[in-house]
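Step one of this worksheet: look at the structure below.
Please treat every number below as a calculation from the coordinates, not as lab data. All values reported here derive from a predicted model rather than from experimental measurement. Heads up, the Cβs are rebuilt from the backbone with ideal geometry, glycines too, and the neighbour counts pull from every protein chain shown.
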Amino acid sequence: MLSSAFVAGLNLLVAVVVWFANGPDARSSLWTVMTGIGRAAAAFVADPRVTIAIVVFQVVAVAALVALHRLLRA
């Protein structure tokens, strides 16, 4: 157990060193990924049917949360 914790610590140390060494590249790739996710989300929500479905799911989730809260309060 001690040796596996030591190896995990070394792996973390190496990952941190590599992350700092590739700092600007890693940050730009992170922004690229975030931009791609944002564009996909915008295209997904642009369809009115999807937006209505999301709102319906949120209403169902809130109703379930209220019902669970009332059930557990008793």
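Only helices at least 18 Å long along their own axis, judged from Cα atoms, and with Kyte-Doolittle mean hydropathy of 1.0 or greater: name those in the chain from DSSP H.
2-21, 48-73
The helix-only estimate of mean residue ellipticity at 222 nm for the chain, built from DSSP H runs of length n ≥ 4 each weighted as -39500 (n - 2.57), is -32500 deg cm²/dmol after division by the residue total.
Taking only the Cα atoms of segment 2-73, the radius of gyration and Dmax are 21.9, 55 Å. Other residues whose C-beta falls under 14 angstrom from the C-beta of Val55 contribute a net charge of 0, scoring Lys and Arg +1 and Asp and Glu -1.
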